Amino acid sequence: MSETVLDISAVSKRFGPVIANENVSLSLQRGEVIALLGENGAGKTTLMSILFGHYTADSGHVTVMGRLLPPGRPRAAIRAGIGMVHQHFSLAPNLSVLENVMTGTESLWRPWSDKARGRAKLLALSVKFGLKVDPDARLGDLSVGERQRVEILKALYNDAKILVLDEPTAVLTNIEAEQMFATLKDMARQGLSIIFISHKLDEVISTADRVIVLRGGRVVAERRAMETTKAELAGLMVGREVTRPQREAATPGAVVLQARSVTLREGGVERLKAVDFHLRAGEVLGIIGVSGNGQAALARVLGGQAEPSDGQITLFGQDFTGKDVRGVVAAGIGRIPEDRNHDGVISEMTIWENAILERLPDYTRRGLVDRKAGMDFAARIIEKFDVRGGTPSSRIGRLSGGNVQKLILGRNLIAHPKILIAAQPARGLDEGAVAAVHERILEARRAGTAVLLISEDLDEVMALADRIQAIVGGRLSPPVRPEAADARQLGLMMAGEWAMESQEADHAV
């Protein structure tokens, strides 16, 4: 019989009236990989935060290697052999890889840092687990996938026997995700025990030994990964059958937004290179590409956060180049940022304060913010867009990532924008939330909103977009229609192969 390395027994946790976990129990064996699955706000991250000592359970206990784990003490969790890799990295970009890994591992009273020993241990772990890194590289110069590698190595450097990963592929490309899960499987074969939180059902089924499903803070199901299906898991997560909506045929209206030869230079680097596109009322234009190819720069330019170096942007036929965020919002353009936590909300503020952030003048009377009007607006968003986990007066930092995303989507769509710029709108969301977000986007399209969808998810773009363009190295491909292109063709476009001629017959003037 396999050795039990972790036992979570009858753990419960509340935040005021909100039940985060209720009587949750699970065990983990040596060399086993468990996927923790559930809707946004189901209690997955709270449970793992209790395990790592960030939160203290109201009741229940945790044992590691047969010993009771002291609650609320991250240092005790680390000493017990638990390593946690958070969805949002906790590394210092100005330090080297070695300095990041060694931070906090030596006594503050030590007169010097034994970097030679640290380097040797880091390189040995790198070789053992196939996690190649340069110890002297500055962290800020690394790709997202490389930074995640460093996070994992930092946990292993602390002699982790149990590795917990929260949404490990949320910010990785498909290739990086495949490489990471291959590495995790190899780690499990070498005796490491792994729990990972994910919403991506394909990676759950292909990687995990067991799948544990939470709903409403409770364990509602457990399945062997090889004996279940994506459809069954999606249904267990939300308590009903889940189907993603599909775009129906429609005739778009007039051109509302157009970019001509738009170029953006930042720090001597061309982020966008002579970008051309147009967007019509009542259509979805999908922009696909591997992360880091200019999508973020395009969203910043259109959202008023960066001014083009060259080129022109027109809105309803009028010059709109260089408008700031206030001008963009006033013009009726809604924005869903790629990084919801950094660019979408302020975590220390309440839900209602975040709800009115972009439209503060509308909720100000005689120089004072109308709290009641703001609270009422937030309550409407919470009800209409199914934002769970808090009331208008709750701090938004208490919400799960998916519920933060639903709030951002709601505060934009409830105002019926003329144009919606949606960057990675379903990233990190569970299957039920993805279906809901997609339906809201298609509802906006039916109402005449022009949607610019920026995504790395081919399935998402093919399901929602009327036309698709790929972005590679800051350049946009000619547009194609989804019904005339398959995933292979679009993948080639994302790699920069644009041999096919544009299938767009109605170029805008």
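The values are calculated or read from the model by the stated rules, or taken from the named source; none is laboratory data. Since we're looking at a predicted model, the values are computed, not measured. When we count neighbours, we look across all protein chains shown, and the Cβ atoms used for this are built from the backbone with ideal geometry, even at glycine.
Exactly one condition in (1) within 22 Å of M48 (Cα to Cα); (2) modelled with pLDDT under 80 is not met by N158; state its number.
(2)
Do the conditions hold for G31, that is, is it within 24 Å of R388 (Cα to Cα), of a type outside the set (A, V, I, L, M, F, W, C) and part of a loop (DSSP other than H, G, I, E, B)?
In short, no.
How many residues are surrounded by fewer than 16 Cβ atoms within 10 Å (Cβ to Cβ) and hydrophobic (A, V, I, L, M, F, W, C) when one looks only at the range 221-269?
Residues that pass the stated criteria total 6.
Kindly indicate whether any position in the range 294-315 is surrounded by fewer than 17 Cβ atoms within 10 Å (Cβ to Cβ), charged (D, E, K, R) and either touching a residue at least 60 places away in the same chain (Cβ under 8 Å) or in the same structural domain as I454 (by TED's automatic domain parsing) (or both).
Checked against the condition, which is being surrounded by fewer than 17 Cβ atoms within 10 Å (Cβ to Cβ), charged (D, E, K, R) and either touching a residue at least 60 places away in the same chain (Cβ under 8 Å) or in the same structural domain as I454 (by TED's automatic domain parsing) (or both), the range 294-315 yields at least one hit.
Looking at the structure I just gave you, is E203 assigned to a helix (DSSP H, G or I), more than 26 Å from E460 (Cβ to Cβ) and of a type in the set (D, E)?
No, not satisfied.
With the condition kept exactly as written, say whether any residue in the range 360-379 is part of a helix (DSSP H, G or I) and closer than 20 Å to I19 by Cα.
Yes.
Checking R247 against (1) part of a helix (DSSP H, G or I); (2) more than 21 Å from V144 (Cα to Cα); (3) not small (G, A, S), which test does it fail?
(1)
Of everything in the range 49-96 that's modelled with pLDDT of 90 or more and of a type in the set (F, W, Y), which residue is surrounded by the fewest Cβ atoms within 10 Å (Cβ to Cβ)?
The qualifying residue surrounded by the fewest Cβ atoms within 10 Å (Cβ to Cβ) is Y55.
Looking at the range 273-293, can you tell me whether even one residue there is of a type in the set (A, V, I, L, M), surrounded by fewer than 20 Cβ atoms within 10 Å (Cβ to Cβ) and part of a loop (DSSP other than H, G, I, E, B)?
So far as the range 273-293 goes, yes, one or more of its residues are of a type in the set (A, V, I, L, M), surrounded by fewer than 20 Cβ atoms within 10 Å (Cβ to Cβ) and part of a loop (DSSP other than H, G, I, E, B).
Of everything in the range 194-211, what is of a type in the set (V, I, T) and touching a residue at least 40 places away in the same chain (Cβ under 8 Å)? Give them in sequence order.
Correct list: I194, I195, I197, V204, T207, V211.
Just checking, which of S49, S9, S25 is of a type outside the set (D, E, K, R) and touching a His at 6+ places or on another chain (Cβ under 6 Å)?
The unique qualifying residue is S9.
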